[in-house]
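What follows is a single structure, written as structure tokens, with notes after it.
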Amino acid sequence: MLEVKNLGIHYFTLNGVVRAVEGVSFSIDKKEWVTFVGESGSGKSTVAHAILNVVPSPGRIVSGEIIFEGKNLLTLEKEALKEIRGREISMVFQDPMTSLDPLRKVGDQIAEVLMEHGVGNDEAYERARELLEKVNLPADRINSYPHQLSGGQRQRISIAMAMAFNPKLLIADEPTTALDVIVQDSIMDLIDELKAEGTSIFFVTHDISLAIERSDKIAVMYAGKLVEFGNVESILENPLHPYTKALLESVPDLWSESKEIKSIPGYPPDLRNPPGGCRFHPRCPFADERCRKMEPAYIEYEKGHFVACHLRGGVGSE
Ligand SMILES: Nc1ncnc2c1ncn2[C@@H]1O[C@H](COP(=O)(O)OP(=O)(O)OP(=O)(O)O)[C@@H](O)[C@H]1O
Ligand SMILES: [Mg+2]
């Protein structure tokens with residue numbers, strides 16, 4: 001359904017070129033929930049924005065293809081991309097105010113998404129009411145302004161907008177980070193319902209236990225690289241990359257005696273000048289000469305389970 005190949009994105013800042021995403025390849029199947037995890041600054045949001053070609057300035061996609069149902073979204077005419085945006089692919093962000101206009105009633109905003117894609121006025125308002133009920137808000141909220149709603153309610157409005165057309169792909173970048181656990185659960189349930197109706201999910205979170213609970217596949221990013229990708233079960237049973245192992249160990253285990261959170265020693269690199277070889281080598285307890293010199297190739301280590309690590313046979317290049 002969605003296939004991303006060799007994606008590269010740089011931010012051309014006054015202080016240098018930030019190589020935010022490099023050589024990222026993955027795919028998402030129909031009705032599949034893929035969650036991106038990784039430390040802050042690893043490039044998760046940048047990849048999410050690239051899918052609809054909306055990487056903010058001074059960012060630019062410098063390589064790769066994003067194939068959605070056979071079409072490369074990166075070379076599509078503006079008009080054709082506009083047709084897809086909101087109808088076939090929709091986005092929900094961490095801060096719902098990025099997709100809501102503070103000065104307009106939420107009902108008008110939901111109806112507008114529908115009308116932009118050819119739905120008539122009366123039908124659009126009718127459908128806006130239905131969508132509000134679907135996200136568990138009373139239909140009369142149609143007349144509310146965003147500031148009259150709580151954070152969780154606003155996030156539900158932005159999900160209602162994203163659901164306007166039963167999109168084929170929903171991109172959700174940390175949609176629940178600012179919300180309490182109960183509201184978070186109800187929003188995750190809504191996304192699950194969308195998935196049950198046939199939508200594929202590209203999800204980003206800091207919370208690896210949330211990723212494990214809800215998704216089919218996990219994509220682990222480190223310093224702009226996709227280092228591991230596979231089914232949740234195979235990643236839990238057999239994490240292949242030392243960074244993935246460290247991430248899993250950092251999850252406090254609610255059932256064990258120890259509530260200690262292990263953090264990964266060291267810091268992610270400055271992406272204006274990333275380390276040579278494997279970008280993780282300065283923090284990796286297993287790094288050797290090869291890891292310092294050569295970049296490991298991203299390979300399919302076992303069926304459907306990908307990794308980029310010399311310890312796992314990634315030959316790679318200087
Ligand atoms: N507008 C920008 N200008 C310059 N550099 C940027 C810009 N936006 C992001 N970056 C850089 O690109 C890299 C990836 O950032 P991105 O926001 O994609 O990370 P992330 O994984 O989503 O992090 P977080 O978990 O904190 O949201 C970081 O090194 C960041 O500093
Ligand atoms: Mg982000």
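Each reported figure results from applying straightforward, stated rules to the coordinates on display, with no laboratory input. Everything numeric here is computed off the predicted structure, so don't read it as measured data. With ideal geometry, Cβ positions are generated from the backbone for all residues, glycine too; neighbour counts draw on all protein chains shown.
Hey, got a sec? Which GluC sites (Glu not before Pro) in the range 134-242 land in a DSSP loop and have at most 11 other Cβ atoms within 10 Å? When the GluC sites (Glu not before Pro) of the range 134-242 are filtered for loop state and at most 11 Cβ neighbours within 10 Å, GLU197 remain.
Could you give the Stokes-Einstein D for the range 42-184 in µm² per second, using the C-alpha Kirkwood radius, 20 °C, 1.002 mPa s? Reported coefficient: 134 µm²/s. With coordinates expressed along the principal axes, the C-alpha atoms belonging to the range 1-111 extend over 41, 36, 29 Å, beginning with the largest.
Let me check I've understood the local charge: for ILE235, count other residues with C-beta under 9 angstrom from its C-beta, Lys and Arg +1, Asp and Glu -1. What total comes out? Its environment carries a net charge of -2.
Local charge sum around ASP185 (other residues, Cβ-Cβ under 11 Å, Lys/Arg +1, Asp/Glu -1)? Computed value for this residue: -3. Structure remark: mean-square fluctuation, Gaussian network model of the chain, C-alpha springs under 10 Å; the largest value among ILE264, ILE182, ILE218 belongs to ILE182. Annotation: the antiparallel percentage among DSSP beta bridges lying fully within the chain is about 65.
Contact order for the chain, expressed relative to its length and based on alpha carbon pairs under 8 Å spaced 6+ residues apart, stands at 20 percent. Across the range 121-163, the residues whose backbone nitrogen lies under 13 Å from the label position 7 Å along the beta-carbon direction of GLU197 are 127-136, 159-163.
Working note: Debye formula, equal point scatterers on the alpha-carbon atoms of the range 122-192, no solvent; log10 I(q)/I(0) at q = 0.25, 0.27 Å⁻¹ is -1.25, -1.38. The Cβ shell under 9 Å around GLY8 holds other residues with a net charge of 0, Lys and Arg each +1, Asp and Glu each -1. If R0 is 25 Å, the Cβ-Cβ spacing of ASN273 and LEU76 corresponds to a FRET efficiency of close to 0.15.
Viscosity 0.890 mPa s, temperature 25 °C: Stokes-Einstein D of the range 203-246 from its Kirkwood Cα radius, in µm² per second?
Approximately 231 µm²/s, per Stokes-Einstein.
Considering every alpha-carbon pair of the range 83-124, the percent of pairs per 10 Å bin, from zero through the bin containing the longest distance, is 26, 53, 21, 0. Applying the criteria of a DSSP loop state and at most 10 other Cβ atoms within 10 Å to the trypsin sites (Lys or Arg not before Pro) of the range 40-75 yields no site.
Sorting MET188, MET91 from the fewest to the most surrounding beta carbons within 10 angstrom yields MET188, MET91.
Each principal axis of the Cα atoms in the chain has its own extent, and those three values, largest first, are 67, 52, 40 angstrom.
Expected output is a single nm value to one decimal: the length gained when fully extending between ASP288 and HIS206, i.e. 0.36 nm times separation in residues minus the C-alpha distance. What is it? Net length gain for the segment: 26.6 nm.
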